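Written out below as structure tokens is the structure these notes cover.
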Amino acid sequence: MIDKDLKIYDSVCTGCSACTEACAFPDENGINPIQLIKNEAGLAVPRIDPNICTSCMVCYKACPTEDKIFNSEVTFESYRDKIGECYFGYSLDNEHRFEAATAGISTEIATYLLETNQVDGVVSSYQNDDNEIITEIFTTSFEVKKTRGSIYRQVSLLNGLAEKIEQGNHKKLLVIGLPCHIEGLKTLKKANKYLRKNVEFITIALFCKQTKTEEFSDFERRLLHAKPNQKINYRGKGWPGFTSVKGGQGLPFTNTKFSLMWGSFAFTPDYCFTCSDPIGVVADISVGDAWLRKYYADKTGSSLFVANSETGKKIIEEMAISKRIYIKQESVENIIASQNMDYVKFKTSYINERGVAFGDLDAHSENIPQSYRRLIKWIKFNKWLYETMIRKRIVDFVPEIALKVYGRVSGKIFETFSK
Ligand SMILES: Cc1cc2nc3c(=O)[nH]c(=O)nc-3n(C[C@H](O)[C@H](O)[C@H](O)COP(=O)(O)OP(=O)(O)OC[C@H]3O[C@@H](n4cnc5c(N)ncnc54)[C@H](O)[C@@H]3O)c2cc1C
């Protein structure tokens, strides 16, 4: 986050890169005064070179975070009202459905919009064989396929994007990212004259409660007996899919050590705790897993997704008629239940308190219930516990049953505190 004094708060910065993209004043050598660097935690954050910065404040205007934290009135009830038309469904292309993160809805929308010329490019990310995260503007359905799956790492989706859009003379783009990326895209567009005047965006956000730092991937490599820095394929091969390395072992997503460490707060960057949009209502369409018991039997891939705008709804209805996706109406209640009602409540309450607890922000409100403060303490304790167990390799020796029991207990305590 960048504030009015151009002070940068690493703890609540998502590294989306809206600020670096908005900066309109490179020096005479073309050097941008604001650049992304990796901080001690290995997370991308911006740094301003005061010698060449003109203090024009465009980076501040492009940052999606400050306004969200200090001026946001989000409550669980107001958030629920923003969730649009809800669906259950999947891609009718079996390859997409099976190889994708969940059910190939995102890839199917991308290919459909390209093939029907409703967009001239798709902004999306993937990990290359050298384990680097690449964001490209794809212009063919064939290329889009390589972005299927999940990336459980920080993605700076907007980094370098404005220039690529201008160079490619793109006019209408589909952008696929996490809710924080789409928020960044929206504030970037407001701050960047070229994008404002020349480009229209259609957006897809993935449901997201958290991403992970690189330490989480290192832990997974250990579980998979992989080489240091070897690329991990997250998800794919049915639902909920596998985590695997090329030519090596694959672990089902449901593997206790993997799923508990994923579902816990271990190696969740602090900025995820100041997110208030777990279902991605910021985007035209948001897509997630069908974490409802009634859908568990299907192992090919089933999704819950939401049309949050008229544009989103039109695309989904058109695609159902064209037999590109199967859809069935779902309820808002079931969408929230699939994402753990208590956690959605936590993420849509008292953002300022979360900013104080997980970031280094000043408190703005005194009216926080005691139970909420206890909940935050509980989350911080669990985060510490799981991270210590992983770092000290204690988890390697803890029997699965003990982890499962602890997982249940900690879930119940979370539930009690969040009442
Ligand atoms: C970090 C993370 C957390 C998530 N948390 C939840 C959750 O709590 N609950 C839930 O129901 N679903 C969650 N999801 C979403 C879910 O796992 C699927 O990504 C979603 O259902 C879309 O599936 P799909 O088959 O339509 O995607 P696919 O057709 O496989 O397409 C995936 C698209 O997502 C993009 N993508 C993948 N990872 C990232 C990333 N880190 N940043 C930006 N773009 C990315 C790819 O580039 C591609 O465009 C999460 C996903 C991620 C990446």
Handout entry: Restraint check, LYS4/LYS190; LYS231/LYS380; LYS323/LYS347; LYS146/LYS212; LYS68/LYS380, Cα-Cα greater than 25 Å
Key = LYS231/LYS380; LYS323/LYS347
Fill in the blank from the handout: Least to most buried among CYS180, CYS86, CYS56, by other C-beta atoms within 10 Å and fewest first, runs CYS56, CYS86, CYS180
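What order do you get for VAL58, VAL123 when you list them from fewest to most C-beta neighbours inside 10 Å? Write out the running numbers ahead of the final one.
On the way: VAL58 20, VAL123 26.
Listed from fewest to most nearby Cβ atoms, that is VAL58, VAL123.
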Completion exercise
quick shape note, the chain: Cα extents on principal axes in Å, largest first -> 61, 52, 46
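Apply 1/(1 + (r/R0)^6) to the Cβ-Cβ distance of ASN169 and LYS412, taking R0 = 51 Å, and write down the FRET efficiency to the nearest 0.05.
Efficiency computed from Cβ-Cβ geometry: 0.40.
Please compute the length gained on full extension between LYS294 and THR311, using 0.36 nm multiplied by the number of residues separating them and subtracting their Cα-Cα distance. Intermediate results must be reported in sequence, preceding the final value.
Details: separation 17, 0.36 × 17 = 6.12 nm, distance 2.93 nm.
Residue separation times 0.36 nm, minus the Cα-Cα distance, leaves 3.2 nm.
Mean separation of Cα pairs under 8 Å and 6+ residues apart, divided by the residue count of segment 76-344: what relative contact order is that in percent?
Relative contact order here is 28 percent.
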Problem - Estimated 222 nm signal from helices in the chain, with DSSP H stretches of n ≥ 4 weighted -39500 (n - 2.57), rounded to 500 - result: -11000 deg cm²/dmol
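Is the shape of segment 160-302 rounded, prolate or oblate, going by the alpha carbon gyration tensor and its root eigenvalues a ≥ b ≥ c, with a/c under 1.5 for rounded and a/b larger than b/c for prolate?
Values: a/c = 2.02, a/b = 1.73, b/c = 1.17.
Taking the square roots of the gyration eigenvalues as a ≥ b ≥ c, segment 160-302 is prolate.
Fewest first, what order do HIS96, HIS181, HIS225 take by the number of other Cβ atoms within 10 Å? Could you put the intermediate results ahead of the total?
Details: HIS96 24, HIS181 31, HIS225 10.
Ordered by Cβ neighbours within 10 Å, fewest first: HIS225, HIS96, HIS181.
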Handout entry: Whole-angstrom gap from segment 1-78 to segment 261-311, using each part's C-alpha centre
Key = 26 Å
Practice task
If a cysteine in the chain has no other Cys Cβ under 4.7 Å from its own Cβ, put it on the list, ordered by number.
Solution key: CYS13, CYS16, CYS23, CYS53, CYS56, CYS63, CYS86, CYS180, CYS208, CYS272, CYS275
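Just so you know, all these numbers are worked out from the coordinates, no wet-lab data involved. Since the model is a prediction, treat every value here as computed from it, not as a measurement. For neighbour counting, all protein chains shown are included, and Cβ atoms are generated from backbone atoms with ideal geometry for every residue, glycine included.
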